[in-house]
Amino acid sequence: MTSPFIIAIDGPAAAGKGTLSRLIAEHYGFHHLDTGLTYRAVAKALLDAGLPLDDETVAEKMAIEMELAGLDRSVLAQHHIGEAASKIAVMPAVRRALVAAQRKFATKKPGTVLDGRDIGTVVCPDATIKLYVTASPEVRARRRYDEIVGGGGAAVFDEVFSDVKKRDERDMGRADSPLKPADDAHLLDTSEMSIDAAFRAACDLIDVALKKD
Ligand code: CDP
Ligand code: CDP
């Protein structure tokens, strides 16, 4: 393996990207970056400072100051932060700053796994292998709902379902780096798959790419 091996994993909210990426990174001994956390960190910094979510110059400054080392999943996981993240993610200046940090991370050796919305299309178009992980909106809303309720929170399924669809529309409909599968991505629909089955299917594809590299 000469250049770093890059695994790009994209897909909509609650498709299972994060879970799959963590398992893959651990299995192959690669570094992992959940790029959604970078957008969440910028959104949280704005919310904490009482700053608006629609001022691109202010949001860009936060994005430039964002430190990959400071990203904490447990702090950034809340539902309202994901919603706010998708609002600032439409801003080209914010994306430029965060994509620069993500690309730098992607060069780590021996390899990296990056998951998000635009890894295979924009951040790492030359990734060694690209997976587009998806599931039906109903299944994804059910997973998110179970996560909230399982964590002791309160939720109404119809509201979670409507939020998932709203976020899909925002992520797929934006002008800059919309969510879509790269032309050369392998599609993995996990609607009917357990985490373990999705992990095995992903490893089968990655093993083939590793042999070619
Ligand atoms: O990162 P992303 O938002 O795409 O999804 P995730 O956080 O990895 O997964 C969302 C939830 O769905 C988690 O609670 C997973 O355990 C669950 N999941 C599942 O039940 N079956 C799968 N095949 C994948 C994920
Ligand atoms: O975990 P979940 O799939 O709900 O969301 P996330 O991956 O943490 O991402 C939160 C939001 O950040 C997404 O809805 C996108 O709007 C944005 N995002 C993006 O635009 N590009 C990425 N590479 C990752 C996230």
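The values are calculated or read from the model by the stated rules, or taken from the named source; none is laboratory data. Small disclaimer: the values here were computed from a predicted structure and weren't measured. Positions of Cβ are backbone-derived with ideal geometry, glycine not excepted, and every protein chain shown enters the neighbour counts. Protein only, heavy atoms only, side chains kept; ligands, DNA and RNA dropped before computing areas. Shrake-Rupley method; radii C 1.70, N 1.55, O 1.52, S 1.80 Å.
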Do any residues in segment 167-192 that are under 19 Å from H79 (Cα atoms) have Cβ atoms under 8 Å from those of residues that are among the small types (G, A, S) and within 11 Å of ligand 1 (Cβ to nearest atom), where the two are at least six apart or on different chains, and which pairs are they? R167/A13; R167/G82; D168/A13; D171/A13
Counted residues, segment 66-100 - those being touching a Leu at 6+ places or on another chain (Cβ under 6 Å) and in contact (Cβ under 8 Å) with a residue 60 or more places away in the chain: 1
When the residues of segment 82-117 are narrowed to those that are away from ligand 2 (no atom under 13 Å from the Cβ) and among the basic types (K, R), which ends up most open to solvent (accessible area, probe 1.4 Å)? K104
Qualifying residues in segment 175-206 (those that are open to solvent by 60 Å² or more (accessible area, probe 1.4 Å) and outside any loop (DSSP other than H, G, I, E, B)) - the one nearest to ligand 1 (Cβ to nearest atom): I195
Members of segment 16-41 found to be out of contact with any Lys or Arg (no Cβ under 8 Å at 6 or more places or on another chain), of a type outside the set (S, T, N, Q) and closer than 17 Å to S194 by Cα, listed by number: K17, G18, L20, R22, L23, I24
Of (1) free of Cβ contacts under 8 Å to residues at least 60 places away in the same chain; (2) within 15 Å of ligand 2 (Cβ to nearest atom); (3) open to solvent by 60 Å² or more (accessible area, probe 1.4 Å); (4) assigned to a helix (DSSP H, G or I), A43 fails just (3)
